[in-house]
1. For residue 14, state whether it is assigned to a helix (DSSP H, G or I), in contact with a helix residue (DSSP H, G or I) (Cβ under 9 Å, 6 or more places away or on another chain) and surrounded by fewer than 15 Cβ atoms within 10 Å (Cβ to Cβ).
2. Just give me the residues in the stretch 23-38 being more than 16 Å from residue 60 (Cα to Cα) and touching a helix residue (DSSP H, G or I) at 6+ places or on another chain (Cβ under 7 Å), in sequence order.
3. Out of the stretch 1-11, which residues are over 17 Å from residue 63 (Cβ atoms) and in a helix (DSSP H, G or I)?
4. Considering only the stretch 3-20, state which residues are without any contact (Cβ under 8 Å) to a residue 40 or more places away in the chain and over 13 Å from the mean Cα position of the chain (by Cα).
5. What number of residues within the stretch 39-71 are assigned to a helix (DSSP H, G or I) and surrounded by fewer than 14 Cβ atoms within 10 Å (Cβ to Cβ)?
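Every read-out reported here was derived from the displayed coordinates using simple, explicitly stated rules and does not represent laboratory data. These numbers were taken from a predicted model, which means no experiment stands behind them. Please note: Cβ atoms are built from the backbone with ideal geometry, for glycine as well, and neighbour counts cover all protein chains shown.
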């Protein structure tokens with residue numbers, strides 16, 4: 001059980017560090033998006049330890065407080081004016 005906890009902590013630390021190595025907010029946003037892609041792949045293969053480690057890493061204070069690039073505006077739906 002202790003080895004599982006150590007592995008979880010390692011994965012959590014790895015993804016937190018991976019995201020924070022981005023030099024710019026845009027690069028950190030790219031790393032977050034990549035981490036989410038890895039998370040989706042982990043769900044597909046049912047690797048729930050990795051899923052929860054990535055979710056935990058995305059919820060750390062350093063990741064949450066890091067500035068991200070502004071979101072692109074959503075495309076406006078065509079208005080149906082007659």
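1. Values: assigned to a helix (DSSP H, G or I): yes; in contact with a helix residue (DSSP H, G or I) (Cβ under 9 Å, 6 or more places away or on another chain): yes; surrounded by fewer than 15 Cβ atoms within 10 Å (Cβ to Cβ): yes.
It is true that residue 14 is assigned to a helix (DSSP H, G or I), in contact with a helix residue (DSSP H, G or I) (Cβ under 9 Å, 6 or more places away or on another chain) and surrounded by fewer than 15 Cβ atoms within 10 Å (Cβ to Cβ).
2. Residue satisfying the conditions is 38 alone.
3. Residues of the stretch 1-11 that are over 17 Å from residue 63 (Cβ atoms), as a first pass: 1-7.
Answer for the stretch 1-11, where residues must be over 17 Å from residue 63 (Cβ atoms) and in a helix (DSSP H, G or I): 2, 3, 4, 5, 6, 7.
4. Residues satisfying the conditions are 3, 5, 6, 9, 10.
5. Within the stretch 39-71, residues that are assigned to a helix (DSSP H, G or I) and surrounded by fewer than 14 Cβ atoms within 10 Å (Cβ to Cβ) number 10.
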